[in-house]
1. When you go through I259, I246 one by one, which is the residue that is assigned by TED's automatic domain parsing to the domain that holds A155, crowded, with 21+ Cβ neighbours inside 10 Å and among the β-branched types (V, I, T)?
2. State the number of residues belonging to segment 20-54 that are in contact (Cβ under 8 Å) with a residue 12 or more places away in the chain and either loosely packed, with under 11 Cβ neighbours inside 10 Å or not in a helix (DSSP H, G or I) (or both).
3. Taking segment 176-214, which residues are surrounded by 18 or more Cβ atoms within 10 Å (Cβ to Cβ) and either hydroxyl-bearing (S, T, Y) or at pLDDT below 90 (or both)?
4. Just checking: which of the helices (runs of 4 or more DSSP H) contained wholly in segment 197-274 hold 2 or more residues that are under 28 Å from L123 (Cα atoms) and small (G, A, S)?
5. Within segment 56-77, which residues are in contact (Cβ under 8 Å) with a residue 60 or more places away in the chain and either loosely packed, with under 10 Cβ neighbours inside 10 Å or β-branched (V, I, T) (or both)?
6. Which condition number does L166 fail, the rest of (1) assigned to a loop (DSSP other than H, G, I, E, B); (2) under 28 Å from L276 (Cβ atoms) being met?
7. Please state which one of S171, S199, S220, S212 is without any contact (Cβ under 8 Å) to a residue 40 or more places away in the chain and among the hydroxyl-bearing types (S, T, Y).
Amino acid sequence: MSDIALSRPAPLAIARGNGKRSLRIVQSLCILVIALVMISPLFMLLIASLKDDRFRILADMGSFRAFWVSDPTLSNYQEIAHFSGELAYGRYLFNSLVILVATVVSGLVVNSMAGFVLAWGSLRGKAALLALVVALYVIPQESIIMPLVVMMSRAGLTDTFAVQILPWVASPLYVFLFYQFFAQLPKELYEAAEMDGASVFRIYRSIYMPLSLPALATVSILMGIESWNQYLWPTLVTQTDYARPIAVAIATFFGQDSIYWDRAMAASVLMMIPVLILYLAFQRWFVSSFVGSAVKG
């Protein structure tokens, strides 16, 4: 009898097990609700882009009909996927891709070089330069937009791809991210390469850059999203379709007299696809970078 009594789980242990199980269920439900809240606008956007009646889209908003389409069609995508004419959203999408790729590639080179020099360069006043970089980060971009517009206008760069790339290549945030990553690498790497006769650029290119894949992935995604979502700046510096990005072009669907919800939804879906591909391509390094920062912090 005593052996049987001892083998039975104590009521307190049972209560603790039930409590943990209930807590896990509540946590799972909370995560599910948060995920549904975040995903539902995207799903609604996708469903609306498959409807061919803009008035029907507006009428369905606010009800469960917004999440269902009985007769899906790709006509909205076919109407806007052109490279010339009034609905040249293929051209606008191409413009945005050119701006994104050029900004990210040049930004990775410039910001990583600056971060490497701040971490391992033999410059005087590096601490002051680093403090200046951090101070520049807290200045809102909107506060310097008008002087930038004047400078670019006098340089004759308005309504070009260059005017949408050059101002955002160097960023205090990305310089600091690279500095933080390079500074945490072992000092012995730099000293050993220096003793072997490698130049500073050779050390940067052949040793530190291959080790900085997590930082490169993080900066690529953040810079790509920032470039892709630019709206105010290209609105001020582009007047024609030649270099206009898709974020600005979507606003043309919202007129004073009418709003073309069907085409706007399709264009918005097209606008999401490249940044999703960018994230999926660098997801592994992006997540590992943040996990590593959290562990070290």
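The values are calculated or read from the model by the stated rules, or taken from the named source; none is laboratory data. Model, not experiment: these values are computed from the prediction. Positions of Cβ are generated from backbone atoms using ideal geometry, with glycine treated the same way; all protein chains shown enter the neighbour counts.
1. Working: I259 fails: crowded, with 21+ Cβ neighbours inside 10 Å.
Criteria check complete, one pass: I246.
2. First pass over segment 20-54, keeping only residues in contact (Cβ under 8 Å) with a residue 12 or more places away in the chain: 40, 42-54.
Narrowing the set further to residues that are either loosely packed, with under 11 Cβ neighbours inside 10 Å or not in a helix (DSSP H, G or I) (or both) leaves 50-53.
Matching residues across segment 20-54 total 4.
3. Restricting attention to segment 176-214, the residues satisfying the condition of being surrounded by 18 or more Cβ atoms within 10 Å (Cβ to Cβ) are 176-179, 181-182, 190, 193, 203-204, 208-209, 212, 214.
Answer for segment 176-214, where residues must be surrounded by 18 or more Cβ atoms within 10 Å (Cβ to Cβ) and either hydroxyl-bearing (S, T, Y) or at pLDDT below 90 (or both): Y179, Y190, A193, Y204, Y208, S212, P214.
4. Working: elements: 200-203, 213-228, 232-237, 246-249.
In segment 197-274, the matching helices (runs of 4 or more DSSP H) lie at 213-228.
5. I57
6. Condition not satisfied by L166: (1).
7. Answer to the check: S199.
Here is a yes/no grid of residues against (1) more than 28 Å from the chain's Cα centre (by Cα); (2) outside the structural domain of V200 (by TED's automatic domain parsing); (3) over 30 Å from F181 (Cα atoms); (4) part of a helix (DSSP H, G or I):
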| residue | (1), (2), (3), (4) |
| --- | --- |
| A66 | no, yes, yes, yes |
| S96 | no, no, no, yes |
| F116 | no, no, no, yes |
| L123 | yes, no, no, no |
| M151 | no, no, yes, yes |
